[in-house]
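Below is one structure, written out as structure tokens; comments come after it.
The values are calculated or read from the model by the stated rules, or taken from the named source; none is laboratory data. As the structure is a prediction and not an experimental result, all values here were calculated from the model. Because the Cβ atoms are built from the backbone with ideal geometry, glycine has one as well, and the counts that use them run over all protein chains shown. Note: areas computed on protein heavy atoms with side chains; ligands, DNA, RNA excluded. Shrake-Rupley method; radii C 1.70, N 1.55, O 1.52, S 1.80 Å.
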Amino acid sequence: VMAVPATPNLINAQNSGYGVKVKWQTVENAEGYNIYRRTAATGWALIATVNGQKKSTYTDKTAVNSCDYFYTVDAFNKTGRSGSNSTGISIHYISAPVTTVNNSKDGVVISWSKHPTAAKYKIYKKVEGSSQWKRIKTLNGGVFTFTDKKVVSGEKAYYGVSAVESNGVRGSLQKDKFNI
């Protein structure tokens, strides 16, 4: 008989371009994992099941902008289910602005939709071959476009815009690949 899996250790919950990305450590004998979510006002609710011992992340695409969430995970197999961390890991979710990137004669134009809770926007750029995102501009919440005039012909670059709330909490980047 296969042993019941151990309780997975939670690594983190992060703002991603598409929701909250929950990450945990895989455990021996797991055939899959259950992901649970709660708020300060609700109890734990199962939001997803992922199959496979090697799965270690899940993105909650149903998270609502500017809400506080807690996540936890348990592991299961035919013998039974592990426990879960009853405290969970917490996050203040900030959605990413929907971003478009276009070439113009003046450079690369990055534009985005108004974000419901942003006080500022931070624009990031990463040149292909580099692992580093560099912040190239911070703009107030009433501005929805920026032109990057520091472009090199033939260089491939990626752009992203993150929303920053008035408390300073920064959301994730909606990362867009773009060839210059």
Most packed first (mean Cβ within 10 Å per residue), the peptides 86-92, 5-11 order as 5-11, 86-92
Sticking to Cα atoms, compute the Rg of the chain to one decimal and its Dmax as the biggest Cα-Cα distance, whole number, in Å. 19.7, 68
Work through the residues other than THR7 whose Cβ is under 11 Å from its Cβ and net out their charges, Lys, Arg +1 and Asp, Glu -1. 0
What number, in percent, do you get for the relative contact order of segment 74-167 if the mean sequence gap of Cα pairs under 8 Å and at least 6 apart is divided by its residue count? 31
Once neighbouring chains are kept in place and the probe is 1.4 Å, which whole percent of the accessible area of segment 1-147 is contributed by carbon and sulfur? 50
At 1.4 Å probe radius, can you tell me the per residue accessible area of the chain in Å²? 53
Below 8 Å, C-alpha to C-alpha, sequence gap of six or more: please give me the relative contact order for segment 1-108 in percent. 33
Positive minus negative residues near VAL20 (Lys, Arg vs Asp, Glu; Cβ under 13 Å): +3
Would you work out the relative contact order for the chain, in percent, from Cα pairs under 8 angstrom that are 6 or more residues apart? 21
Can you figure out the FRET efficiency of LYS150 with SER90, using R₀ = 41 Å and their beta-carbon distance, to the nearest 0.05? 0.60
